Amino acid sequence: SSMEQKRRITFFECGGDLCSMLDVAKTADLILLMINGSFGFEMETFEFLNMLQTHGFPKVMGVVTNLDSFKQRKSLNTMKRQLKHRFWTEIYQGAKMFFFSGVVNGKYLKPEVRLLTLQISRLKYRPLTWRNQHPYMLVD
């Protein structure tokens, strides 16, 4: 018989303002960094990554969206390669990235979401020394 593990996950949507980013940087175990593929990295993304580094650096996964805006396969592949290279430079080599090709009826495609949730469920979280030494409470 296999032992079934249950884990509770709470999602917080983080606004683009510095206070929200700071709250998330101090409390999150995992960051799903949403990146608009048709635009690329925004300045706030780099500010947020800098905050994460100074607050113990939790796990980070990239989720690239709006890939349906690319009409040519070659430009799509070039953008994916450039984003992945930049992401790996900012986070670490081999950091997980997921590419969501588009939205159908207001939802992302099931196989792409399933792959992301599978990776989230398999994650091993390491205790962050910085966080253990700097208690912080988030009240919503």
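Annotations
- For Phe39, the criteria (1) farther than 18 Å from Leu116 by Cβ; (2) in a loop (DSSP other than H, G, I, E, B); (3) open to solvent by less than 80 Å² (accessible area, probe 1.4 Å) hold in every case but one, which is (3).
- Residue check for Lys74: among the basic types (Lys, Arg), outside any helix (DSSP H, G or I) and open to solvent by 90 Å² or more (accessible area, probe 1.4 Å): no
- Pair list, Cβ < 6 Å and 6+ apart or interchain, from region 74-91 residues that are in contact (Cβ under 8 Å) with a residue 24 or more places away in the chain and among the acidic types (Asp, Glu) to residues that are assigned to a helix (DSSP H, G or I) and open to solvent by less than 50 Å² (accessible area, probe 1.4 Å): Glu90/Leu49
- Scanning region 104-134 for residues that are of a type in the set (Ser, Thr, Tyr) and more than 27 Å from Gln53 (Cα to Cα) yields one hit, Tyr108.
- Residue in region 112-122 that is more than 16 Å from Ser69 (Cα to Cα), surrounded by 10 or more Cβ atoms within 10 Å (Cβ to Cβ), of a type in the set (Ser, Thr, Tyr) and in contact (Cβ under 8 Å) with a residue 12 or more places away in the chain present: yes
- Just so you know, in region 108-140 the residues that are among the aliphatic types (A, V, I, L, M) and part of a helix (DSSP H, G or I) include one that is nearest to Arg8 (Cα to Cα), and it is Ile120.
The values are calculated or read from the model by the stated rules, or taken from the named source; none is laboratory data. All values derive from a computational prediction rather than experimental measurement. Virtual Cβ from ideal backbone geometry, glycine too; neighbours counted across all protein chains shown. All accessible areas refer to the heavy atoms of the entire protein, side chains included, with ligands and DNA or RNA removed. Shrake-Rupley method; radii C 1.70, N 1.55, O 1.52, S 1.80 Å.
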